[in-house]
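Novice: Here you go, one structure.
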Amino acid sequence: MAIFSDNERSPVLIAGYRTPFLRYRTEFRDFTSYDLARIAVKGLMDRTGVPPAEIGHAIFGCVMNEPKTSNVAREAVIGAGLPRQVSAHTVSMACISGGQAITQAAELIARGQADAVVAGGVECFSNVPILVKRPLRRKLLEMKKLKGPMDYLRWLRGMHLSYLVPEIPEVVEFSTGLDMGQSSDRMSAYWGVSREEQDRYALRSHQFAAKATRDGLLAEEILPVPVPPGFQVVEKDNGIREKTSLEKLGRLPPAFYSPYGSTTAGNSSFLSDGAAAVLLMSRAKARALGYRPAARLLNYAYVGCDPLDELLLGPAYAAPKVLAESGLRLSDVDVIEFHEAFAGQILSNIRALESERFGRENLGLGGRVGEVPMDRFNLLGGSLSVGHPFGATGIRILTTCSNRLRRENGAIGLIASCAAGGLGLAMLAERLD
């Protein structure tokens, strides 16, 4: 049974758009998360033509936000010219932050607290906040109490040069001390995923994304962005390696466990800048405003798993849960969009879903979840090729899933993602005619 009943309060997707996803420190290097989020909201409003007064709330996912715009959702709403009365909040749940924005928006609509909500996500790794070390933080706070020259001299005598070395954010698990690439290596070893298999999957992602770009399929969801000072318009993702090959990928060294690891820069997602936003409404509001919804949200499931041995295995737990709760099987799904953190992570999740032992011992089923139909899986590329701005990825994969359902004449779409902390999210959407 779906969480969201099929009635006038059903949360439906009107449309979704995103900026190009760019490698960090490229064309968006002078932007902030606020800039990108504002562009996504303004683009969504302009493309859909929704009257700004109809928006009841806005939610954005963001992982590494700037302190000056800690509630980037609110600042983006104001910057995009929406009425000041539109409330907004920001959520952080690692790589499923955008998914959290979607499900919270859907709950507000289903419960009658809002009729139209903007859900988005953003990340700008080109301008992540750099921290100072804790001793220096203490010293800087002490400065407020200094009054005379002797106070300043005593303050300076307590300083050490080591305090001045900045702390640059790392994608490392607090509970285990391992970074995500190391976890991908560990999972790949456990599930028997070879280096060649990972490189082949990465090549698949880049080839599919390149073809989708050439065919104009990704352009449907991308907002062209003029970049100051020359205002050259960026229209495409710039991380897609159209000319890569299995041979080129095979020559790359292990990035995390040298010399025996299998995760490389070529079969991993890359740090990215970008933002995305979707417009959700109740079915009644969409009808009243004359919109034809693209899809309705059926169900979602969040899970937690072991951050040491299963850090990136969230989809293998969340997808079966949401399918079972909805009375569906994997074979009932027409479109599948999984977040690609690493090729090893994707292939490990596929191995788990197809494993009899995992189904029985980890999921409590009578056997495996089912065979993953690769002819329905991430057919426009994914995070390995398109890019992965942490907070925006969940928004992108829902938008891509909805667009694919329409183009491929599918009925049910499944999206899923892993996240830091050993978290996972899966969601089901149904195409509406």
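The values are calculated or read from the model by the stated rules, or taken from the named source; none is laboratory data. Everything quoted here is computed from the prediction, not taken from an experiment. So basically every Cβ, Gly included, is an ideal-geometry build from the backbone, and we count neighbours across all protein chains shown. Ligands, DNA and RNA are stripped out before the accessible areas are found, and what is left, the full protein with its side chains, is counted by its heavy atoms. Shrake-Rupley method; radii C 1.70, N 1.55, O 1.52, S 1.80 Å.
Novice: If amide hydrogens are placed 1.01 Å from N in the peptide plane, which non-local residues have theirs closer than 5 Å to the one on residue 132?
Specialist: Hits under the 5 Å cutoff: 167.
Novice: In addition: Taking the chain as the region of interest, what is the percent of Cα-Cα pairs per 10 angstrom bin, listed from the shortest bin to the one with the maximum distance?
Specialist: Reading the bins upward from 0: 5, 22, 31, 24, 12, 5, 2, 0.
Novice: Of all DSSP beta bridges in the chain, what percent run antiparallel (nearest 5)?
Specialist: Antiparallel: roughly 70 percent of the beta bridges in the chain.
Novice: Same structure, new question: Using amide H atoms built in the peptide plane, which far-off residues or other-chain residues are under 5 Å from residue 179 H to H?
Specialist: Here the answer is 173, since their amide H atoms fall under 5 Å of that of residue 179.
Novice: Could you tally the net charge around residue 20, taking each other residue with its Cβ under 14 Å from the Cβ of residue 20, Lys/Arg +1 and Asp/Glu -1?
Specialist: Net of charged neighbours comes to -3.
Novice: Report the Cα centroid-to-centroid distance between region 44-98 and region 265-337 in angstrom, as an integer.
Specialist: Answer, in whole Å: 20.
Novice: Among bridges DSSP assigns within region 274-433, what percent are antiparallel (round to 5)?
Specialist: 75 percent
Novice: Taking region 336-406, how much of its Cα-Cα pair set, in percent, is spaced more than 20 angstrom apart?
Specialist: 39 percent
Novice: Cross-link candidates for residue 133: which lysines have Cα within less than 25 Å, leaving aside residues fewer than 8 places away along the same chain?
Specialist: Excluding near neighbours in sequence, the set is 68, 144, 145, 147.
Novice: So, one more: With every protein chain kept in the model, how would you rank 231, 60, 174 by accessible area, 1.4 Å probe, largest at the top?
Specialist: 174, 231, 60
Novice: Quick one: among 356, 340, 75, which has the greatest mean-square fluctuation in a GNM of the chain with alpha-carbon springs under 10 angstrom?
Specialist: In this elastic network of the chain, the residue with the biggest mean-square fluctuation among 356, 340, 75 is 356.
Novice: Report the net charge of residues surrounding residue 222, where surrounding means a beta-carbon distance below 9 angstrom and charges are Lys +1, Arg +1, Asp -1, Glu -1.
Specialist: Cβ neighbours under 9 Å give a net charge of -2.
Novice: Further question: Working with all protein chains in place, sort 372, 132, 165 by solvent-accessible area computed with a 1.4 Å probe, largest first.
Specialist: 165, 132, 372
Novice: A follow-up question, please. Once the Cβ-Cβ distance between residue 151 and residue 260 is put in as r, and R0 is 51 Å, what FRET efficiency do you end up with, to the nearest 0.05?
Specialist: Step by step, r from the Cβ atoms, then E = 0.35.
Novice: Could you list which residues have their amide H under 5 Å from that of residue 383, counting only those 5 or more apart in sequence or on another chain, with H placed in the peptide plane?
Specialist: When sequence neighbours closer than 5 places are left aside, the close amide H contacts are 340.
Novice: Return a whole-number percent for the relative contact order of region 155-251, with Cα pairs under 8 Å and 6 or more residues apart as the contact set.
Specialist: About 22 percent, as a whole number.
Novice: With springs only between Cα atoms under 10 Å, which of 353, 249, 328 fluctuates most in a Gaussian network model of the chain?
Specialist: 328
Novice: Here's a follow-up. Springs between alpha-carbon atoms under 10 Å, Gaussian network over the chain: tell me which of 400, 213, 244 tops the mean-square fluctuations.
Specialist: Checking each option, the largest mean-square fluctuation is seen for 244.
Novice: A further question follows. Around residue 42, under 13 Å between beta carbons, what's the net of Lys plus Arg minus Asp minus Glu among the other residues?
Specialist: With Lys, Arg at +1 and Asp, Glu at -1, the neighbours total 0.
Novice: For region 80-172, run through the chymotrypsin sites (Phe, Trp or Tyr not before Pro) and keep only the ones in DSSP coil with at most 10 other Cβ atoms within 10 Å of their Cβ.
Specialist: Passing sites in region 80-172 do not exist.
Novice: Continuing with this model, one more query. Tell me the relative contact order for region 197-335 as a rounded percent, counting alpha carbon contacts under 8 Å between residues six or more apart.
Specialist: Result for region 197-335 is 16 percent.
Novice: Let me ask you something else. Could you tell me which helices of the chain pass both thresholds, a Cα extent of 24 Å or more along their own axis and a mean Kyte-Doolittle hydropathy of at least 1.6, with helices taken as whole DSSP H runs?
Specialist: Sorted by number, there is nothing, because no helix extends far enough and scores high enough.
Novice: Which distance in Å, rounded to a whole number, links the C-alpha centroids of region 119-144 and region 382-422?
Specialist: About 30 Å separates the Cα centre of region 119-144 from the one of region 382-422.
Novice: Rounded to the nearest 500 deg cm²/dmol, what is the calculated helix-only ellipticity per residue at 222 nm for the chain, with -39500 (n - 2.57) per DSSP H run of length n ≥ 4?
Specialist: Only helices count here, giving -10000 deg cm²/dmol.
Novice: So what is the relative contact order for the chain, in percent, with contacts set as C-alpha pairs under 8 Å and at least six apart?
Specialist: It comes to 27 percent, rounded to a whole number.
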